[in-house]
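Notes follow once the structure below has been shown.
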Amino acid sequence: MSVYVSLLQLGSSTVGPIIDRAKISSSKVYVILEKLIDKGLVSYILKERTKYFQAAPPVVLKELLETKTKEIEKIKKDLDENISKIEEIQKQKLPSEGARIYRGYKALKAAWHEAVLSIEDKGEYLFFSVGYGDDAYLKRFFEKLARELKKKKISIKGIAHNSEKKLYQKYYQKFGYKMKYTEIKFPADTTVAGDFVLVFVWDKKEPVVYSLKSHVLAESYRTFFRSL
């Protein structure tokens with residue numbers, strides 16, 4: 001976008017002024033210009049073997065965005081209509097047992113959703129908390145997760161240290177979290193969903209999730225949860 005806006009401001013221009021105004025490297029500017037040309041947002045003419053680039057009117061960008069929005073809306077509509085079938089296909093392709101490591105917040109969401117997908121309707125989502133429920137990103141994520149689980153009539157049950165009681169009552173109780181509190185300090189945040197056990201390590205740089213798929217292991221965690 002910075003290259004397109006810079007060209008609007010410059011008018012007809014060679015590459016040099018575009019680089020200076022957009023503050024990007026020469027290696028990137030050619031790639032971006034080619035993409036903008038392909039989209040019809042930039043054109044060029046040759047003057048004495050030198051390319052002079054010109055931005056298309058903003059109305060062209062507006063029309064392009066409107067077209068993309070319609071395409072995205074259609075994809076979303078198709079996905080909404082077929083999400084159950086797609087999830088069922090994914091369930092069938094998941095290995096019966098195994099372990100994976102996920103790094104970063106986006107990967108963390110993928111691990112959670114894979115585990116949640118394995119929970120049968122009207123099942124249970126269990127977790128052991130060690131005290132990271134006050135993270136702003138996680139608050140938003142858990143709120144969204146609670147809504148998704150509610151649609152499948154899956155109950156959310158957790159056990160946290162007594163020191164977290166006020167936090168869960170303030171932020172999570174309204175989303176249907178059924179909590180128990182204990183003096184036990186668990187070694188790591190752990191989630192039990194379907195046949196998955198997710199163990200979370202909250203590194204300063206990025207979260208790491210160890211996803212373990214094992215029916216026997218998940219059942220042993222459920223038994224431990226109910227014993228507390």
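The values are calculated or read from the model by the stated rules, or taken from the named source; none is laboratory data. Worth saying up front: this structure is predicted, and the values here are computed from it rather than measured. Ideal geometry is used to build each Cβ from the backbone, glycine not excepted, and the neighbour counts take in all protein chains shown.
Looking at this structure, is S43 assigned to a strand (DSSP E or B), on the phi < 0 side of the Ramachandran plot and not aromatic (F, W, Y)?
It is true that S43 is assigned to a strand (DSSP E or B), on the phi < 0 side of the Ramachandran plot and not aromatic (F, W, Y).
Given the conditions (1) in contact (Cβ under 8 Å) with a residue 12 or more places away in the chain; (2) in a helix (DSSP H, G or I); (3) farther than 26 Å from V216 by Cβ; (4) aliphatic (A, V, I, L, M), report the number of the one that L138 does not fulfil.
Here L138 meets the rest and fails (1).
Yes or no: segment 159-175 includes at least one residue that is buried (at least 16 other Cβ atoms within 10 Å of the Cβ), among the aliphatic types (A, V, I, L, M), within 20 Å of E97 (Cβ to Cβ) and in contact with a strand residue (DSSP E or B) (Cβ under 9 Å, 6 or more places away or on another chain).
The answer is no, given that none of the residues of segment 159-175 is buried (at least 16 other Cβ atoms within 10 Å of the Cβ), among the aliphatic types (A, V, I, L, M), within 20 Å of E97 (Cβ to Cβ) and in contact with a strand residue (DSSP E or B) (Cβ under 9 Å, 6 or more places away or on another chain).
Determine which single condition K178 fails, assuming it passes every other condition in (1) closer than 20 Å to D121 by Cβ; (2) modelled with pLDDT of 90 or more.
Of (1) closer than 20 Å to D121 by Cβ; (2) modelled with pLDDT of 90 or more, only one is false for K178: (2).
Could you check segment 179-208 and list, in sequence order, the residues that are more than 17 Å from V130 (Cβ to Cβ) and crowded, with 18+ Cβ neighbours inside 10 Å?
Answer for segment 179-208, where residues must be more than 17 Å from V130 (Cβ to Cβ) and crowded, with 18+ Cβ neighbours inside 10 Å: A193, G194, D195, F196.
Would you pick out the residues in segment 209-228 that are crowded, with 17+ Cβ neighbours inside 10 Å, within 18 Å of V130 (Cα to Cα) and among the aliphatic types (A, V, I, L, M)?
V209 - this is the single residue of segment 209-228 that is crowded, with 17+ Cβ neighbours inside 10 Å, within 18 Å of V130 (Cα to Cα) and among the aliphatic types (A, V, I, L, M).
Sort out which residues of segment 156-171 are touching a helix residue (DSSP H, G or I) at 6+ places or on another chain (Cβ under 9 Å) and either in a helix (DSSP H, G or I) or among the aliphatic types (A, V, I, L, M) (or both), and write them in order of number.
Passing the criteria: I156, I159, A160, Y171.
Would you point out which residue out of A146, A115, A107 is in a helix (DSSP H, G or I), out of contact with any Asp or Glu (no Cβ under 9 Å at 6 or more places or on another chain) and hydrophobic (A, V, I, L, M, F, W, C)?
A146
Looking for something more than 30 Å from E114 (Cβ to Cβ) and either touching a residue at least 60 places away in the same chain (Cβ under 8 Å) or part of a loop (DSSP other than H, G, I, E, B) (or both) - is there at least one such residue anywhere in segment 64-72?
The answer is no, given that none of the residues of segment 64-72 is more than 30 Å from E114 (Cβ to Cβ) and either touching a residue at least 60 places away in the same chain (Cβ under 8 Å) or part of a loop (DSSP other than H, G, I, E, B) (or both).
Which ones in segment 183-202 are under 19 Å from E124 (Cα atoms) and among the acidic types (D, E)?
D189, D195
Quick one: in segment 42-51, of everything that is touching a Phe, Trp or Tyr at 6+ places or on another chain (Cβ under 6 Å) and of a type outside the set (V, I, T), which residue is nearest to L7 (Cα to Cα)?
Y44
Can you name the condition, by its number, that E97 falls short on among (1) at pLDDT below 80; (2) farther than 18 Å from A193 by Cα; (3) touching an Asp or Glu at 6+ places or on another chain (Cβ under 9 Å); (4) charged (D, E, K, R)?
Going through the list (1) at pLDDT below 80; (2) farther than 18 Å from A193 by Cα; (3) touching an Asp or Glu at 6+ places or on another chain (Cβ under 9 Å); (4) charged (D, E, K, R), E97 breaks only (2).
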